[in-house]
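Student: Okay, here's the structure, questions in a sec.
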Amino acid sequence: MVRMGELAVSASADEVLVSIGLGSCIGVALFDVRRPIVGLAHVMLPAAEAPSGPVAKFANFAVPALVEEVKELGATRLEAVLVGGAQMFSFSREDGANIGARNDGAVREELDRLRIPVRAAATGGSRGRTVRVYVDGVRVTAREVAGAEQQLYGREAP
Amino acid sequence: MPQYTDLQLDALRELANIGSGNAGTALSAMLGQPVDISVPAASTLPLADAVEAAGDPESPATGVVLPICGDIEATVLLLFPPEDERILSTLLGVEPGTEDGCSALGEIGNILGCSYVNSLAEMTGLSIEPRPPVTVADMVGAIMSSVLAVRADSTNLALLMDSRLMVEGQACELTFLLLPSLEGIDELLGRLGLG
């Protein structure tokens with residue numbers, strides 16, 4: 001379970017990393033292009049000047065921290081899948097308006113900077129999502145409320 | 001990181017108590033049925049814990065969100081689990097899940113939120129007013145985290161003032177949360193002479 005502001009990595013075939021109920025938050029899944037080494041960060045906000053609070057709270061600190069952790073497990077070349085970043089409430093005033101889209105933009109900018117391609121994404125819209133990252137088969141799925149689990153990315157067994 | 005004393009949390013709990021008491025009276029008048037109110041809780045929690053405090057994050061619920069502006073910034077959130085929403089809609093004579101049902105729920109949220117906030121305003125002498133409600137049906141976790149994210153830039157803690165209203169003789173319960181900004185909490189405590 002990867003809660004808001006947290007991140008986790010794994011290379012154990014029987015493990016699944018899960019973030020439940022992503023609204024405006026965004027789930028960043030990273031994996032090695034060859035080996036089953038995965039990571040998931042549950043990012044809450046786009047950017048801060050200095051880190052504060054949990055490690056994955058802000059996109060600009062969360063993405064590099066996640067990269068470092070998957071590399072420690074032996075990952076070399078990375079790819080990403082993004083889930084979340086919805087606009088749950090449509091208030092007329094700007095306050096809090098579209099944190100989801102700003103999170104999406106900030107995460108992509110950071111991945112771009114680190115030259116990590118985004119292979120699939122289920123972002124934007126107005127619905128919350130749950131993301132699951134399976135080490136086995138390097139599969140990433142997304143599920144909306146009362147919906148079915150949909151596979152966004154998966155790798156054929158070698 | 002702000003920490004509140006037991007005395008301060010007691011005072012906030014008492015505010016929540018009076019606020020939800022007024023909201024319960026308003027709900028009771030709307031439904032023509034007695035409404036019970038649980039003893040409210042006031043607690044400060046790390047943001048990730050605050051998300052989970054509202055219930056199983058993957059379970060579905062309808063949330064009515066009222067942003068509060070004026071002397072303090074806060075968010076009022078009412079959460080209706082699906083079964084309770086169904087019962088409440090039936091009591092109101094609207095079809096649950098329809099546009100009418102949704103707008104009736106939003107209106108309930110509006111009336112409850114306003115009566116809660118008005119009693120806070122009266123007790124503290126603050127000028128505060130709720131903005132029009134937004135109703136959303138989704139996972140509890142997605143609703144809570146998105147509400148919390150709006151104020152999370154400068155804080156890693158949330159103050160939850162949590163009450164439950166129960167319609168007597170019906171298995172119908174709703175959760176009522178007040179999430180003030182940190183400055184809002186200081187302002188509330190200041191007005192109570194506990195700042």
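The values are calculated or read from the model by the stated rules, or taken from the named source; none is laboratory data. Keep in mind that this is a model prediction, so the values were computed, not measured. Positions of Cβ are generated from backbone atoms using ideal geometry, with glycine treated the same way; all protein chains shown enter the neighbour counts. Side chains are part of the model used for accessible areas, which takes the heavy atoms of the whole protein and leaves out ligands, DNA and RNA. Shrake-Rupley method; radii C 1.70, N 1.55, O 1.52, S 1.80 Å.
Student: When the accessible area of region B:120-174 is computed with all protein chains present and a 1.4 Å probe, what percentage of it is carbon and sulfur? All intermediate terms of the calculation are to be shown ahead of the outcome.
Tutor: Values: 870 of 1920 Å².
That fraction is 45 percent.
Student: Right, something else. What is the Cα centroid distance between region B:142-195 and region B:1-55, reported in whole angstrom?
Tutor: 7
Student: Along the positive direction of the dipole of region A:33-146 (beta-carbon charges: Lys, Arg +1; Asp, Glu -1; about the Cα centre), which of A:Phe89, A:Ala101, A:Ala142 reaches farthest?
Tutor: Checking the options against the dipole of region A:33-146, the answer is A:Ala142.
Student: Sticking with this structure for a sec: What list of whole percents do you get for P(r) of region A:40-89, with Cα-Cα distances grouped in 5 Å bins up to the one holding the largest distance?
Tutor: In order of increasing distance, the bins hold 4, 19, 26, 21, 17, 9, 2, 1, 0 percent.
Student: Rounded, prolate or oblate for region A:7-153? Axes are the square roots of the Cα gyration tensor eigenvalues, ordered a ≥ b ≥ c, and the cut-off for rounded is a/c under 1.5.
Tutor: On the way: a/c = 2.02, a/b = 1.30, b/c = 1.55.
It is oblate, given that a/c is not under 1.5 and a/b is not larger than b/c.
Student: Shifting gears a bit: Apply the a/c threshold of 1.5 to the C-alpha gyration tensor of region B:124-173 and tell me whether it is rounded, prolate or oblate. Provide the component values of the computation, followed by the final result.
Tutor: On the way: a/c = 1.83, a/b = 1.31, b/c = 1.40.
Oblate.
Student: Here is a further query. Extension gain A:Glu15-A:Val33, at 0.36 nm per residue separation less the Cα-Cα distance, in nm? Don't skip to the end; give the middle numbers.
Tutor: Working: separation 18, 0.36 × 18 = 6.48 nm, distance 1.81 nm.
Length difference between fully extended and current span is 4.7 nm.
Student: From zero up to wherever the largest Cα-Cα distance of the protein assembly as shown sits, split into 20 Å bins and tell me the percent of pairs in each.
Tutor: 31, 52, 17, 0
Student: Treat each spin label as a single point 7 Å out from the Cα along the C-beta direction, and report the A:Met1 to B:Gln170 distance in nm.
Tutor: In this crude label model, A:Met1 to B:Gln170 measures out at 3.2 nm.
Student: Another question, then. Based on Cβ point charges of +1 for Lys and Arg and -1 for Asp and Glu, what charge dipole magnitude is obtained for region A:7-153 about its Cα centre, in debye rounded to the nearest 20? Working shown, then result.
Tutor: Working: 16 positive and 17 negative charges, 58 e Å.
Roughly 280 debye, rounded to the nearest 20.
Student: Compute from the Cα atoms of chain B the Rg and the Dmax, the latter being the longest Cα-Cα distance, and quote both in angstrom.
Tutor: Computed over the Cα atoms of chain B, radius of gyration and Dmax are 15.8, 47 Å.
Student: Enter the angle in degrees (range 0 to 90, nearest 10) between the Cα long axis of helix B:99-124 and the first principal axis of the Cα atoms of chain B, meaning the one along which they spread out most.
Tutor: 30
Student: Turning to a different aspect of this structure: Starting from region B:125-195, pick out the GluC sites (Glu not before Pro) whose DSSP state is loop and whose Cβ has at most 13 other Cβ atoms within 10 Å.
Tutor: Details: sites: B:Glu168, B:Glu173, B:Glu183, B:Glu187; in loops: B:Glu168.
Counting only loop positions with at most 13 other Cβ atoms within 10 Å, the GluC sites (Glu not before Pro) in region B:125-195 are B:Glu168.
Student: Now, a different point. Under the 0.36 nm per residue contour assumption, what length would be gained going from the current alpha-carbon distance of B:Ser43 and B:Leu194 to full extension? Mind showing how you got there, number by number?
Tutor: Values: separation 151, 0.36 × 151 = 54.36 nm, distance 1.65 nm.
Contour length minus the Cα-Cα distance gives 52.7 nm.
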